[in-house]
Each structure stands twice: as C-alpha cells, then as structure tokens.
Amino acid sequence: MEEIVFATNNEHKLIEIRKLLKGRYNVVGLKEKGIDEDIPEDHFTLEENALQKAMFIYENYGQNCFADDTGLEIDILDGEPGVFSARYSMTGDPVYPEMDTTKGNIRKVLEKLSGHDNRRARFRSVIVLIRDGKKFYFEGIIEGSITASPSGDDGFGYDPIFLPEGYDRTFAEMDLDEKNRISHRAIAVSKLVDFLNKAYH
Ligand code: IMP
C-alpha cells in the first residue's frame, strides 16, 4: 500500500483523513515516522507555509507527503490574523504575553474590530500534496463574520467568535459533526481525498 506522510502531530487530523481514504493509502504522521525535529514554517502565506512543510519531508525523507496550514482572514484587518492565527496575541501590536494564547487571540481580534461594522471574515485551509515530485494544491474556504463577543464552549481557537454565513450559531455552539460537515478544513480535505481516491488503482 502506498505510504503518504501527513506532516502533522495532530491525532484528530490523522484519524479523520484515514477514515475518508477508506484504507486505500497508509497515511502516517510525524510521530510514527520518528520525525521530531521542528519543521520550519516561516513564510507569509498559507500556501508557502504548507509547501515549505511538505517540501521539508519530501527533501529530507524522500517520501510522498502532504501538509496543511489554516488561517482566519478578516477583511477590515487586511487579512489578519491569517498565517499568524495560532500566535496572534504574541505577535505585532498589541501583545498579551500574560494571557492564555487562545483567549489572547480572541481578545485581540475583538479589540481590533471594536467600533467596526464590517466584520466579514473567512477561515481558509490550504493543503499541499507532493506526490512523486509533483505538487498539488487543495483549498477550503468558509465565509462568515466575527461576532461582538464569544459564545459557545465547543471547538477550539477562534470558534467562539466565528459565525458561519447562513447560520445563527458560532462554530463553538455547533457539535463537532456539524462543524466538520461545513468547515474550511473539511472542504480542503475532501478535495484531497477525491484526488487520491481517483488516483488509486
Ligand atoms: P493550523 O494550521 O491547523 O495549525 O491552524 C492555525 C491556527 O488557526 C490554529 O492555531 C487556530 O488558532 C486557528 N484555526 C484553525 N482552524 C480553526 C478552526 O477550525 N476553528 C478555530 N480556529 C482555527
């Protein structure tokens, strides 16, 4: 069976994609491959970061692989936090070094949007697959807006302040199955899965 490395240590992402690929590929994470070095991720777009991570594995370990990168893009903030989503509260201005990163990230977004009517935003996920030296890109987008204050306890990251378009509940007020049916990551992953399932012989 063809082995493909997924450049992640996130067990949830690995389980999800294995299920969707119906056992046709052997998707292995970094831990299973014994790769514990820090993979650089120092570019300014999601595409470049995902490519950098996938190339790192391909060049150093000679294996087919894919990597993902996700960001929350807010229109009035010129696409911020974008590639800085994970550590937004620790970068730029202001910083909240004393706060839990997720709480700090949310606080920073809400403060920056305070007084603004335009609260349009989207989550965007990019996956880059390198297979036999060729690069393939898959993108998933969900449009929505940033709420005035956090609501909901489920989910992670910016879920409590992201209201997907056409819904009256934030991602954090949805159960995981419902979120996973419509999310940016689900869309990008399903494009990758379609591609791999078609390529399977
Ligand atoms: P990653 O590229 O999947 O590690 O995502 C980068 C950052 O984007 C995370 O640390 C979160 O802050 C944010 N993020 C990604 N996906 C989601 C999501 O589904 N909900 C809320 N925040 C997310």
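The values are calculated or read from the model by the stated rules, or taken from the named source; none is laboratory data. Keep in mind it's a predicted model, so treat the numbers as computed, not measured. Counting neighbours? That spans all protein chains shown, and the Cβs are built from the backbone with ideal geometry, glycine included. To get the accessible areas, we keep the full protein, side chains included, count just its heavy atoms, and leave off ligands, DNA and RNA. Shrake-Rupley method; radii C 1.70, N 1.55, O 1.52, S 1.80 Å.
When region 1-17 is examined, which residues are found to be open to solvent by less than 80 Å² (accessible area, probe 1.4 Å) and either part of a strand (DSSP E or B) or at pLDDT below 90 (or both)? Those that are open to solvent by less than 80 Å² (accessible area, probe 1.4 Å) and either part of a strand (DSSP E or B) or at pLDDT below 90 (or both): Glu3, Ile4, Val5, Phe6, Lys13, Glu16, Ile17.
Of everything in region 70-88 that is part of a helix (DSSP H, G or I) and away from the ligand (no atom under 12 Å from the Cβ), the residue that is least open to solvent (accessible area, probe 1.4 Å) is Leu77.
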